[in-house]
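Worksheet: one structure, shown below.
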Amino acid sequence: MTDQTDPALDPLRARIASAQLGAEAEERGKVIAIADGLAMVDGLPGAELNEIVTFATGARGFVLTLEEDHLNVACLDPADDVAAGTRVTRTGLLASVPVGEGLFGRVLDPLGRPLDDGPLPDSEERLPVERPAPSIIDRDFVSEPVETGLLVVDALFAIGRGQRELIIGERQTGKTSIAVDTIINQANSDIISIYVAIGQRTSAVRHVIDAVREHGRMDQTIFIVAEASAEPGLQWLAPFSATSIAEWFRDRGRHVLIVYDDLTKHAATHRELALLSRQPPGREAYPGDIFYLHARLLERAAKLSKARGGGSLTALPIAEIEAGNLSAYIPTNLISISDGQIVMSQSLFAANQRPAIDIGLSVSRVGGKAQRATMKSVSGRLRLDYAQYLEMKMFSRFGGFGDEAMAARMKRGERIAALLAQPRLSPLDLLTQIALLSALNDGMLDDVDLAEIAHLKTKLPSMLANDSRLSDLDLRAPKLDHEKRSAILEVVQSALKQA
Ligand SMILES: Nc1ncnc2c1ncn2[C@@H]1O[C@H](COP(=O)(O)OP(=O)(O)OP(=O)(O)O)[C@@H](O)[C@H]1O
Ligand SMILES: [Mg+2]
């Protein structure tokens, strides 16, 4: 009879008890095929979606999709020396990014690795790149504005904190400029900014970073960059990981503006990875989950309830269209996911009306509620007057208008167009915007030279700021009182006289 209690066998029993049979075999996988940054991996049945895995070469990737008999892994490092047969191991860690104050002023890749010459970001905390959107109960209504400093946007398409406003247009029509101007205009606000570059040229990203730096906004801005030359896996992750960084602030009661430049390129990367992993192509060869991809991203933008700290995450996704075709697949998806769109017009851009925003096609579906009442009171007729002017202008090509009332409207319209034109990187504060529109409504500008209006815009801000009668003006008040209104108009008057 063998002795169950023989102490000499104890070490052996302990070893048997601690051995996890099969576990080691499970954690071994190998590459079946790899192309263009996407590897098909056999084995690793325990791997989770978004889990980081390591190739024997040291390169890393993350689990993009789980198939019945293999995994699709998107590479996060150059993987030139990874080939069929290369061993793959799990890390048990989900793809994550460092978060926190230490990221301000930094240019990082979607995993938080420095792309500036700085050290690893100073942060102890990391968040997974994919996180659930806040529930309805945790949200509040959009009620506070994000001022862009662009008169045409703030007056006609006000954006609220927590809103998702799409900026959409053809190539080189000023899409990025709208977003950058908005970042720069936050100098006197408590909104912090995150700019996400997806599939952009290096020079374009540089341009944005330089503009933000020159305007002293670097210490309140974070850049997450996956350029066109970056691994597709990194480009795919970029908007998600940047949103996690934004959420860390949002969940601490802070206000964040995030710019995704641009989601058309993100969609193209998603399509590329899906085709490489042999998912069935759908419309325009995009996989069936492309709508869900961007819906789950943009749902993370929110205004949180008081109980959740009242923070907000405002999203400005950018999308590119071809030949003015707003009804292509990705544009229509994005339009339906967001709370409005700013549509850029190539013909306005060519006609030097910049920012070249098409006021007929643009809309902001929730921002009106967030617009300051003082602004609302002066911008009421603007859209209609401007739209009428544009129409009349088109018809006046066939002959002038004899009618005096018509001529007056044309005159007013030309002043509106001049007011709404604004060079890059020259945001107007709310008081200046209100002063300009008040003067317009009062007819004060009707006989002012069009060229003079541009001067007026540069002169007014400091004159208004230095006027003692306006020092206690509260633009959050529900109404501009009569006295202040006259003071504002007097300042405009003297600015015009100086010219
Ligand atoms: N308000 C403006 N006034 C004058 N020029 C402008 C204005 N906005 C943009 N531009 C100019 O138009 C060009 C294109 O601007 P921007 O890069 O913002 O466009 P985009 O639509 O983002 O281009 P892309 O399709 O290449 O991303 C730039 O040279 C920029 O300087
Ligand atoms: Mg751009």
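The values are calculated or read from the model by the stated rules, or taken from the named source; none is laboratory data. Values in this document were obtained by computation on a predicted structure and should not be read as measured data. No Cβ is skipped: glycine too gets one built from the backbone with ideal geometry, and neighbour counts run over all protein chains shown. Only protein heavy atoms, including side chains, enter the accessible area calculation; ligands, DNA and RNA are left aside. Shrake-Rupley method; radii C 1.70, N 1.55, O 1.52, S 1.80 Å.
Count, please, the residues in region 216-230 that happen to be outside any helix (DSSP H, G or I) and surrounded by fewer than 21 Cβ atoms within 10 Å (Cβ to Cβ).
5
Which one of PRO478, PRO427, PRO423 is in contact (Cβ under 8 Å) with a residue 40 or more places away in the chain, more than 19 Å from ALA373 (Cα to Cα), open to solvent by 60 Å² or more (accessible area, probe 1.4 Å) and not aromatic (Phe, Trp, Tyr)?
PRO423
Within region 195-219, work out how many residues are of a type outside the set (Val, Ile, Thr), within 14 Å of ligand 1 (Cβ to nearest atom) and in contact with a strand residue (DSSP E or B) (Cβ under 9 Å, 6 or more places away or on another chain).
5
Does ALA435 satisfy being open to solvent by less than 40 Å² (accessible area, probe 1.4 Å) and within 29 Å of the chain's Cα centre (by Cα)?
Judged against the criteria, ALA435 is not a match.
May I ask you to list the residues in region 312-370 that are of a type in the set (D, E, K, R) and either open to solvent by less than 10 Å² (accessible area, probe 1.4 Å) or away from ligand 1 (no atom under 15 Å from the Cβ) (or both)? Write out each step before concluding.
Narrowing region 312-370 to residues of a type in the set (D, E, K, R): 320, 322, 339, 354, 358, 365, 369.
Scanning region 312-370 gives ASP339, ARG365, LYS369.
What residue, of ILE192, ILE184, ILE178, is within 8 Å of ligand 1 (Cβ to nearest atom), in contact (Cβ under 8 Å) with a residue 60 or more places away in the chain, among the hydrophobic types (A, V, I, L, M, F, W, C) and farther than 17 Å from VAL366 by Cβ?
ILE178
Please determine, by comparing only the residues of region 146-173 that are part of a loop (DSSP other than H, G, I, E, B) and open to solvent by 20 Å² or more (accessible area, probe 1.4 Å), which one is farthest from ligand 1 (Cβ to nearest atom). Please lay out each step first, then the result.
Restricting attention to region 146-173, the residues satisfying the condition of being part of a loop (DSSP other than H, G, I, E, B) are 147-150, 157-158, 161-163, 165, 170-173.
Now restrict to residues that are open to solvent by 20 Å² or more (accessible area, probe 1.4 Å): 147, 161, 170-172.
Numbers: GLU147: 17, ARG161: 23, GLU170: 7, ARG171: 4, GLN172: 4 Å.
For region 146-173, the residue satisfying everything is ARG161.
Output the residue which, of all residues in region 441-455 that are open to solvent by 60 Å² or more (accessible area, probe 1.4 Å) and not in a helix (DSSP H, G or I), is nearest to ASP481 (Cα to Cα).
Only one residue tops the list, namely ASP442.
Test ARG113 against the criterion of being open to solvent by 30 Å² or more (accessible area, probe 1.4 Å) and either farther than 30 Å from ASP210 by Cβ or not assigned by TED's automatic domain parsing to the domain that holds VAL205 (or both), and give yes or no. Steps first, please.
Working: open to solvent by 30 Å² or more (accessible area, probe 1.4 Å): yes; either farther than 30 Å from ASP210 by Cβ or not assigned by TED's automatic domain parsing to the domain that holds VAL205 (or both): no.
Against the criterion (open to solvent by 30 Å² or more (accessible area, probe 1.4 Å) and either farther than 30 Å from ASP210 by Cβ or not assigned by TED's automatic domain parsing to the domain that holds VAL205 (or both)), ARG113 does not qualify.
Under the condition of being in a strand (DSSP E or B) and over 16 Å from the mean Cα position of the chain (by Cα), which residue from region 285-342 is nearest to ligand 2 (Cβ to nearest atom)?
So, considering only residues that are in a strand (DSSP E or B) and over 16 Å from the mean Cα position of the chain (by Cα), the one nearest to ligand 2 (Cβ to nearest atom) is PRO287.
Among the residues of region 389-447 satisfying the criterion of being among the hydroxyl-bearing types (Ser, Thr, Tyr) and closer than 21 Å to LEU150 by Cα, which is nearest to ligand 2 (Cβ to nearest atom)?
SER426
Regarding region 377-389, can at least one residue be identified that is more than 23 Å from the chain's Cα centre (by Cα) and closer than 26 Å to VAL212 by Cβ?
The answer is no; no qualifying residue exists.
Among (1) part of a loop (DSSP other than H, G, I, E, B); (2) closer than 28 Å to HIS266 by Cα; (3) out of contact with any Lys or Arg (no Cβ under 7 Å at 6 or more places or on another chain); (4) away from ligand 2 (no atom under 16 Å from the Cβ), which single condition is ASN352 missing?
Unmet for ASN352, out of (1) part of a loop (DSSP other than H, G, I, E, B); (2) closer than 28 Å to HIS266 by Cα; (3) out of contact with any Lys or Arg (no Cβ under 7 Å at 6 or more places or on another chain); (4) away from ligand 2 (no atom under 16 Å from the Cβ): (2).
Hey, LEU263 hits all of (1) open to solvent by 20 Å² or more (accessible area, probe 1.4 Å); (2) within 16 Å of ligand 2 (Cβ to nearest atom) but one; which does it fall short on?
LEU263 satisfies all of (1) open to solvent by 20 Å² or more (accessible area, probe 1.4 Å); (2) within 16 Å of ligand 2 (Cβ to nearest atom) except (1).
Of the conditions (1) among the hydroxyl-bearing types (Ser, Thr, Tyr); (2) in a helix (DSSP H, G or I); (3) within 28 Å of GLU214 (Cβ to Cβ), SER438 satisfies every one except a single condition; which number is it?
The number of the failed condition is (3).
Show the residue pairs meeting these rules: Cβ distance below 8 Å; 6+ apart or different chains; first residue within region 259-282 and touching a residue at least 60 places away in the same chain (Cβ under 8 Å); second residue open to solvent by 50 Å² or more (accessible area, probe 1.4 Å) and small (Gly, Ala, Ser).
Hits for this filter: LYS265/ALA228; GLN279/GLY288.
Within region 185-215, how many residues are within 16 Å of ligand 2 (Cβ to nearest atom), open to solvent by 70 Å² or more (accessible area, probe 1.4 Å) and assigned to a loop (DSSP other than H, G, I, E, B)?
Qualifying residue count for the region: 1.
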